[in-house]
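A quick write-up on the structure given underneath.
The values are calculated or read from the model by the stated rules, or taken from the named source; none is laboratory data. Here the structure is a predicted model, which means the values were calculated and not measured. Cβ atoms come from the backbone with ideal geometry, glycine included; neighbour counts cover every protein chain shown.
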Amino acid sequence: MSGRNVTRRRLLQAMGGGAALLASRPVARAFAGEPAKKPNFVFILVDDLGWADIGCYGSRYYETPSIDKLASGGMLFTNAYAACAVCSPTRASIMTGRYPARLGVTDWIRSRFQGGKIPEDKKNPTEYVGDKKQKLLCPPNALWMELDEITIAEMLKPTGYVSCHVGKWHLGADDWYPDKQGFDYNIGGCDFGQPPTYFDPYFRKGQGGIPTLEPRKAGEYLTDREGDEAVKFIREHKDRPFLLYMAHYAVHMPIEAKADLVKKYEAKMPTQQKNAKYAAMIESVDDAVGRICSVLDELKLADNTVVFFTSDNGGLLPITSNVPLRSGKGYPYEGGIREPLIVRWPGVIRPKSTSDEPVISVDYFPTLCEAAGVKLPADRDIDGVSLVGHLKAGGRQPLHREAIFWHFPHYRGADVVPYSIVRAGEWKLIKRYEGKTFELFNLKDDLSERNDLSGTMPEKVRELDARLQEWLIRTHAKLPVPRTADGT
């Protein structure tokens, strides 16, 4: 029996015994034409949250009742992906609907305290880089997402939306903060990829404090503060359409949590997941999700609010376990790129529905645009496809695209060399630019990617490689290059 079917059954059971039956019933309130009022959007992005890190995706150690409830009220995706196995590229893809390869944001952006110095001419670097011990020179990663990219906040603003970013931005320093990219409010967003600490005053020597988040109560937990700010924004803008981009710093390192919650998980029987502090961080995120959903209910906004919940890359090993997926953050395997995705849209999405359709983070931009009745920009390529029809059809309407792609032309640590990936149907090809060139997997039969078929199916490798090469050319992706004889 296929790994996908086993996983799907487990997910349906986790969501409730009646899920399969409910999936065949009509929506209680059918979507009919344009809604009388533009929908609100709440987009919840959790940093480094793994595919198996929440209850409705099978975790029996981490506790996520609010996220599980969100899933029971909407659609859970089993084949959702981040556009990169690390954070900044995925975040750029969410904002723009464009693959990181087009944007030049193909690795995580170095903050100023990490050496990401802003050039005097304020132009992103173009010179190839590389350690002399490495065989390849790699294209430089951007230090920010360019201002001429159009963000979802900029798309919605002309139609009357008010927008708020809360939490981690990590797409550039001062001149490229969220408020320079269309957001009306920026609470906590800066060039940091991780907080100095999770406890107020959010300061660490060598990094400083979060420049866009004033401390207010010594010892307050950052995820709680983010939840407060999100609820406040909703309350203050309940009478007009809004976009809330709730981009938690959690569960990124440093692994710090509230002491009472840590004690709770220290007393709990571990599974393959066993880090009590990480579990407590996840519970704090879950609490924030619950508070957002509660205020939507209280203000009678829930029925006209589309809620997205997902992550920016796979769970970090060994902090968590992504089993049954292979590996984790940074790697080209499923544990590095496959994400939880839940979408709730009352009256449009059938409760307790699931989708096995492969989707990727470039799809959110066109989805939000279509849901808001906004036409896509005509002056640039948008790589994503709208999920609106798929959501309305209960996950049964295919997206009719041939493949999805990834490009990571960088080294990472001791064992990750530059790579690109294509997934077409159930087939996934990993192409490395150093060492063994190809790995081929059939994800339907081999979810854990243990059986490399590249040696026995050369024709499939050539077919997928040709498709990958065409995509790399089409997106103007920058490739690593071999060093010359003199080492340059």
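Could you say whether any residue in segment 223-246 is closer than 19 Å to PRO89 by Cα, modelled with pLDDT of 95 or more and within 22 Å of the chain's Cα centre (by Cα)?
Yes; the residues of segment 223-246 include at least one that is closer than 19 Å to PRO89 by Cα, modelled with pLDDT of 95 or more and within 22 Å of the chain's Cα centre (by Cα).
Answer with yes or no whether PRO482 is touching an Asp or Glu at 6+ places or on another chain (Cβ under 8 Å) and farther than 30 Å from SER353 by Cα.
Answer is no for this residue.
At least 1 residues that are more than 10 Å from the chain's Cα centre (by Cα), surrounded by fewer than 24 Cβ atoms within 10 Å (Cβ to Cβ) and assigned by TED's automatic domain parsing to the domain that holds VAL359 in each: list the helices (runs of 4 or more DSSP H) lying fully within segment 46-108 that qualify.
65-72, 100-103
Across segment 122-138, which residue is nearest to TRP108 (Cα to Cα) among those that are touching a Gly at 6+ places or on another chain (Cβ under 8 Å) and in a loop (DSSP other than H, G, I, E, B)?
ASN124
Please work out which residue is nearest to LYS238 (Cα to Cα), limiting yourself to segment 277-291 and to residues that are more than 18 Å from the chain's Cα centre (by Cα) and buried (at least 24 other Cβ atoms within 10 Å of the Cβ).
Among residues in segment 277-291 that are more than 18 Å from the chain's Cα centre (by Cα) and buried (at least 24 other Cβ atoms within 10 Å of the Cβ), the one nearest to LYS238 (Cα to Cα) is ALA280.
Restricting attention to strands (runs of 3 or more DSSP E) lying wholly within segment 394-439, give those where 1 or more residues are small (Gly, Ala, Ser) and buried (at least 18 other Cβ atoms within 10 Å of the Cβ).
It comes to 419-424.
Quick check: anything in segment 421-429 farther than 22 Å from LEU443 by Cβ and either within 21 Å of the chain's Cα centre (by Cα) or without any contact (Cβ under 8 Å) to a residue 60 or more places away in the chain (or both)?
So far as segment 421-429 goes, no, none of its residues is farther than 22 Å from LEU443 by Cβ and either within 21 Å of the chain's Cα centre (by Cα) or without any contact (Cβ under 8 Å) to a residue 60 or more places away in the chain (or both).
Go through the residues of segment 160-170 one by one and say whether even a single one is out of contact with any strand residue (DSSP E or B) (no Cβ under 6 Å at 6 or more places or on another chain) and closer than 30 Å to LYS428 by Cα.
Scanning segment 160-170 turns up at least one residue that is out of contact with any strand residue (DSSP E or B) (no Cβ under 6 Å at 6 or more places or on another chain) and closer than 30 Å to LYS428 by Cα.
Considering only segment 440-476, how many residues are polar (S, T, N, Q) and not in a loop (DSSP other than H, G, I, E, B)?
Number of matching residues: 2.
Restrict the check to segment 380-401 and report whether at least one residue is of a type in the set (A, V, I, L, M), within 30 Å of ARG344 (Cβ to Cβ) and over 22 Å from the mean Cα position of the chain (by Cα).
yes
So which helices (runs of 4 or more DSSP H) stay within segment 258-360 end to end and still have 2 or more residues that are farther than 28 Å from VAL231 by Cα?
334-337
Evaluate the following for ALA276: is it in the same structural domain as GLU298 (by TED's automatic domain parsing), without any contact (Cβ under 8 Å) to a residue 12 or more places away in the chain and not charged (D, E, K, R)?
Answer is no for this residue.
Quick one: which residue in PRO340, PRO418 is assigned by TED's automatic domain parsing to the domain that holds ILE473 and in contact (Cβ under 8 Å) with a residue 40 or more places away in the chain?
PRO418
So which of GLU226, GLU266 ends up being closer than 22 Å to ASP48 by Cβ, crowded, with 17+ Cβ neighbours inside 10 Å and of a type in the set (Asp, Glu)?
Of the residues listed, the single one that is closer than 22 Å to ASP48 by Cβ, crowded, with 17+ Cβ neighbours inside 10 Å and of a type in the set (Asp, Glu) is GLU226.
Quick one: ASP191 ticks every box in (1) without any contact (Cβ under 8 Å) to a residue 60 or more places away in the chain; (2) charged (D, E, K, R); (3) over 22 Å from PHE233 (Cα atoms) bar one, so which box is it?
For ASP191, the exception is condition (1).
HIS476 is checked against (1) of a type outside the set (Asp, Glu); (2) in contact with a strand residue (DSSP E or B) (Cβ under 7 Å, 6 or more places away or on another chain); (3) modelled with pLDDT of 95 or more and fails just one. What number does that condition carry?
(2)
It is to be established whether one or more residues within segment 150-166 are within 20 Å of the chain's Cα centre (by Cα) and either of a type in the set (Phe, Trp, Tyr) or modelled with pLDDT under 95 (or both).
Looking for residues that are within 20 Å of the chain's Cα centre (by Cα) and either of a type in the set (Phe, Trp, Tyr) or modelled with pLDDT under 95 (or both), one finds none in segment 150-166, hence no.
More than 29 Å from TYR419 (Cβ to Cβ) and among the hydroxyl-bearing types (Ser, Thr, Tyr), is that true of SER327?
When the stated conditions are applied, SER327 does not pass them.
Report yes if ALA173 is in contact (Cβ under 8 Å) with a residue 40 or more places away in the chain, more than 16 Å from LEU45 (Cα to Cα) and out of contact with any strand residue (DSSP E or B) (no Cβ under 9 Å at 6 or more places or on another chain), otherwise no.
Against the criterion (in contact (Cβ under 8 Å) with a residue 40 or more places away in the chain, more than 16 Å from LEU45 (Cα to Cα) and out of contact with any strand residue (DSSP E or B) (no Cβ under 9 Å at 6 or more places or on another chain)), ALA173 qualifies.
Could you grab me the full set of residues in segment 109-137 that are of a type in the set (Phe, Trp, Tyr) and surrounded by fewer than 15 Cβ atoms within 10 Å (Cβ to Cβ)?
Of everything in segment 109-137, just one residue is of a type in the set (Phe, Trp, Tyr) and surrounded by fewer than 15 Cβ atoms within 10 Å (Cβ to Cβ), namely PHE113.
Are there any pairs, at least 6 apart or on different chains, whose C-beta atoms fall under 8 Å, with the first in segment 282-296 and outside the structural domain of PRO340 (by TED's automatic domain parsing) and more than 18 Å from ASP47 (Cβ to Cβ) and the second among the small types (Gly, Ala, Ser) and assigned to a helix (DSSP H, G or I), and if so, which?
From residues that are outside the structural domain of PRO340 (by TED's automatic domain parsing) and more than 18 Å from ASP47 (Cβ to Cβ), there are no pairs.
State which residue is nearest to the chain's Cα centre (by Cα) when the search covers only segment 170-209 and only residues that are of a type in the set (D, E, K, R) and under 23 Å from ASN124 (Cα atoms).
ASP191
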